[in-house]
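Asks: Pasting in a structure now, in structure tokens, and then I'll have a few things to ask.
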Amino acid sequence: MPEETAVQDRPVTEKKLVPEVPAFTLDPSHPMAHLADQVATPPRAGDVVEGTIIELIRGRLYVDLPPFGTGIIYGREYLNAADVLRKSNPGDLITAKVVDPAGIDGYIELSLKEARQAAIWGEAEAAILSGSVYNLTVEEANKGGLILSWQGIQGFLPASQLSKENYPRVPEGDKDKIFGELQKLTGKQLAVRIITADPKEAKLIFSERTGAEEEEKTNLIDKYEVGDVVEGEVTGAVDFGVFVKLEQGLEGLVHISELDWGLVEDPKNLFKVGERVKVKVIEIKDGKISLSIKALKENPWKSASERYQKGQEVSGVIIKYNKHGALASIEEGVAGLVHISEFGTPAELRESLELGKTYPFTITLFEPKDQRMTLAYAGPKKGAKK
């Protein structure tokens, strides 16, 4: 019967959680005020507590947690830590994490596994502050970096955090070639530091760069300010932008959105490794320096307001399709969206508006300050019913 089963499943020990007393505040001058400071605060969910093992009965471990009562590890939490708990004996001191301060039958529900995890993340945060170095083996590689494990937690070492010796220098920034170079590091031991530890996201980030390298980089960055215009050398072109060496030991990124006012599909088509370029410093943050090339060119949208207005008929070249429709450029750096709703389906739009060809349009929205423009197709639509 359900009631009988419930009784049998209850822990056999009779120790109960001491009822929580409502908080109160004494006047500092009161003769008992000094005793109030000595009253222990009841444990809350997430707290790590320490207690003595009372007994282990039928898959339940009871822990003495004076003055608050008895803690219990059971069910899934017991199974998660079964290997450790089987070796435990009454009288042993144990550290656990509070799952529910008012659990079954008033017992304080505990987790040994979560306590261990909390301790590990605490060690990771301490390692960041101390700059501790660990020799870890590379388990695998992906196109962004390397996978390593520390204290049973899998972490990530971004390619950008590799030392100068191991950083994959690949012409044209070919992602497949970079991946190939990173794969060569699989199975190799690297001396790394923990630079990010986020237990909520279970995120552990490593760096192979030494403290001296980081200090050197910081000293180099300190020489620059936002707004500086400098000349550098292109060291790599990737899908998301171009890396530019400002001086030995210091590189900055020109994001694809900062390469040109016009649409840039592939940075590798615009810049070659070894090419000298002028760049403007637009941001210095978290030890990184962001650059812009288009900031050194006149913004075509500023003068566009003198030449265009809503309702005007213009000619535009189709430069790209997207999920909303097609982009048509009416001049270098000034483009508008032709919405797909005009055509019904992507196939009909692409049949009527081919990439690289010029068509007539009417400007239906023009906001040059926000660099926004929409266009209505003013020509015949292929396949349209007559």
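To keep it simple, each residue is scored yes or no on (1) of a type outside the set (Ser, Thr, Tyr); (2) over 20 Å from residue 140 (Cα atoms); (3) surrounded by 12 or more Cβ atoms within 10 Å (Cβ to Cβ).
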{"position": "178", "(1), (2), (3)": "yes, no, yes"}
{"position": "183", "(1), (2), (3)": "yes, no, yes"}
{"position": "187", "(1), (2), (3)": "yes, no, no"}
{"position": "193", "(1), (2), (3)": "yes, no, yes"}
{"position": "206", "(1), (2), (3)": "yes, no, yes"}
{"position": "246", "(1), (2), (3)": "yes, yes, yes"}
{"position": "251", "(1), (2), (3)": "yes, yes, yes"}
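Asks: Still on this structure: Within the stretch 258-274, is there a residue that is modelled with pLDDT under 90 and part of a strand (DSSP E or B)?
Replies: No; the residues of the stretch 258-274 include none that is modelled with pLDDT under 90 and part of a strand (DSSP E or B).
Asks: Could you look through the stretch 106-145, keep only residues that are of a type in the set (D, E, K, R) and modelled with pLDDT of 80 or more, and pick out the one that is farthest from residue 77 (Cα to Cα)?
Replies: So the residue we want is 140.
Asks: Which residues, counting only those in the stretch 78-104, are at pLDDT 80 or above, outside any strand (DSSP E or B) and more than 13 Å from residue 51 (Cα to Cα)?
Replies: 79, 101, 102
Asks: Follow-up question, since we're still on this one. Search the stretch 275-297 for residues being more than 16 Å from residue 231 (Cα to Cα) and outside any strand (DSSP E or B), and hand back the single one that is farthest from the chain's Cα centre (by Cα).
Replies: 287
Asks: Same structure again: Output the residues belonging to the stretch 228-243 that are at pLDDT 90 or above and either of a type in the set (Gly, Ala, Ser) or closer than 14 Å to residue 282 by Cβ (or both).
Replies: 228, 229, 230, 232
Asks: Suppose we keep only residues that are surrounded by 15 or more Cβ atoms within 10 Å (Cβ to Cβ) and either in a helix (DSSP H, G or I) or among the aliphatic types (A, V, I, L, M) (or both) within the stretch 357-375. Which one would you say is modelled with the lowest pLDDT?
Replies: Per the criteria, the residue is 368.
Asks: Okay, next question. Does residue 354 meet the test of being part of a loop (DSSP other than H, G, I, E, B) and outside the structural domain of residue 249 (by TED's automatic domain parsing)?
Replies: So residue 354 passes the test.
Asks: If residue 238 passes every condition in (1) among the aliphatic types (A, V, I, L, M); (2) in contact (Cβ under 8 Å) with a residue 40 or more places away in the chain; (3) over 30 Å from residue 355 (Cα atoms) but one, which one does it miss?
Replies: Of (1) among the aliphatic types (A, V, I, L, M); (2) in contact (Cβ under 8 Å) with a residue 40 or more places away in the chain; (3) over 30 Å from residue 355 (Cα atoms), only one is false for residue 238: (3).
Asks: How many of the residues in the stretch 268-317 are touching a residue at least 40 places away in the same chain (Cβ under 8 Å) and farther than 21 Å from residue 246 by Cβ?
Replies: Of the residues in the stretch 268-317, 14 are touching a residue at least 40 places away in the same chain (Cβ under 8 Å) and farther than 21 Å from residue 246 by Cβ.
Asks: Given the condition surrounded by fewer than 12 Cβ atoms within 10 Å (Cβ to Cβ), closer than 16 Å to residue 229 by Cα and modelled with pLDDT under 90, answer yes or no: does some residue in the stretch 298-314 qualify?
Replies: Yes, the stretch 298-314 contains at least one residue that is surrounded by fewer than 12 Cβ atoms within 10 Å (Cβ to Cβ), closer than 16 Å to residue 229 by Cα and modelled with pLDDT under 90.
Asks: Now a separate question. Residue 252 versus (1) modelled with pLDDT under 80; (2) more than 20 Å from residue 126 (Cβ to Cβ); (3) under 24 Å from the mean Cα position of the chain (by Cα); (4) not β-branched (Val, Ile, Thr): which is the lone unmet condition?
Replies: (1)
Asks: Suppose we filter 215, 225, 233 for residues that are of a type outside the set (A, V, I, L, M) and surrounded by 12 or more Cβ atoms within 10 Å (Cβ to Cβ); which single one remains?
Replies: None of the others qualify; the one that does is 233.
The values are calculated or read from the model by the stated rules, or taken from the named source; none is laboratory data. Everything quoted here is computed from the prediction, not taken from an experiment. When we count neighbours, we look across all protein chains shown, and the Cβ atoms used for this are built from the backbone with ideal geometry, even at glycine.
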